[in-house]
Amino acid sequence: MTTADIVFAEHGNPETLRDREYDARTVLWALLVAILIHLAAAFLLAAFSGFFSPSVPMPEQPAELTLVDLAPTSASKNSAFIETDESKKAPEPKDKTFESNANSIGASELAATGELPLPSQAGKDRPLMDFETNPYSLETKGAQPQQSSAPSQQQQTTASQQEPITAAEQFALLTQKSTAALDRSATASQPSSAYRRLKERNRMAGNITNRGISSVNALGTPLGRYQKIVADSIGSRWYTYVEQKRDLITIGTLRLRFYVERSGKVKNLKITENSSNEAFANVCVQSVLEAHLPPIPEDVANTLPPEGLEVDGLGFIIFPNR
């Protein structure tokens, strides 16, 4: 037997219905008031909890570093070196852009066409900074002093014996130097090398506006003069060895890095780039190791690190059309 809910319906009493409606309204208002009380309590709890609890720190933005150029007006030790013709004497430049063996004032043959601190000029597309063209000259020995045709001291003494002289005159003959002897001494003290590296006028586009023969703003410093000595000592041997082994080497570029100690000795020599062959590398390394470098001057050595003078990126290039 199954069970079922049975609903019985009957007509109710009117007063009883009114009482039920009143009770329903009372319950509804009480429910609404309770909801409002709960909402107000939740809002107050949220407000007071946010006021008394410690605030969560906001993520900090990364610090920004602004670099300000505070470099002194004089050429620093990190300035790029550029060779200057010492025969073209110039006053100290206002803008000391490069470090060199002699002073140079920037000038350009053409109007400024670039952003680099260089002159603007036409020429070959080479990775160099040459303002003129000239062939290289190998290291040669200077003219040897020749024997003078002036009479020797013995001949002078023999001739002087023909006439009696005083003691004072004899002392003068033994101590004085003739003009010819002084000239021979000056000739012997002149440098015996006529080395000059190959230069080919390069195409450049710079921002120098001063019109004149192509040059840059360079300051002659003791360090720049020593760097010129290093370059000439190595280059004079390099051209000689290249001439001797030209049939063995191929076209390409080689770069070296090494240090020059205070005594002038080369150390930590490394090849950083070589697009030629091993024979060319041997020629370049031999040129550096056999260069007779003088000791670094004291005033220059005091400005260098303990390792000495760093030469980084010294380049040797064999062009296709030499």
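The values are calculated or read from the model by the stated rules, or taken from the named source; none is laboratory data. Keep in mind that this is a model prediction, so the values were computed, not measured. Positions of Cβ are generated from backbone atoms using ideal geometry, with glycine treated the same way; all protein chains shown enter the neighbour counts. We work out accessible area using only protein heavy atoms, side chains counted, and drop any ligands, DNA or RNA first. Shrake-Rupley method; radii C 1.70, N 1.55, O 1.52, S 1.80 Å.
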For this session: Taking I271 as meeting all but one of (1) open to solvent by less than 70 Å² (accessible area, probe 1.4 Å); (2) out of contact with any Asp or Glu (no Cβ under 9 Å at 6 or more places or on another chain), write down the number of the exception.
Result: (1)
For this session: Could you list all residues from segment 85-114 that are touching a residue at least 12 places away in the same chain (Cβ under 8 Å), among the hydroxyl-bearing types (S, T, Y) and open to solvent by 20 Å² or more (accessible area, probe 1.4 Å)?
Result: T97, T113
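Looking at the structure I just gave you, is L314 under 22 Å from L138 (Cβ atoms) and not in a helix (DSSP H, G or I)?
Criteria met by L314.
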Exercise. Applying the selection to segment 244-257, what residues are crowded, with 17+ Cβ neighbours inside 10 Å and within 30 Å of V300 (Cβ to Cβ)?
Worked result: L254, R255, L256
Exercise. Given (1) open to solvent by less than 40 Å² (accessible area, probe 1.4 Å); (2) at pLDDT 95 or above; (3) more than 30 Å from K96 (Cβ to Cβ), where does V260 come up short, assuming only one miss?
Worked result: (3)
Seminar exercise, completed: Cβ pairs under 7 Å, 6+ apart or interchain, first in segment 258-269 and outside any loop (DSSP other than H, G, I, E, B), second hydroxyl-bearing (S, T, Y) and modelled with pLDDT of 95 or more, ordered by first then second residue, are K267/Y259; N268/Y259
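Report, by residue number, each residue of segment 308-322 that is surrounded by 12 or more Cβ atoms within 10 Å (Cβ to Cβ) and of a type in the set (D, E). I'd like the intermediate steps shown before the answer.
Residues of segment 308-322 surrounded by 12 or more Cβ atoms within 10 Å (Cβ to Cβ): 308-311, 314-319.
Hit for segment 308-322 is E310, nothing else.
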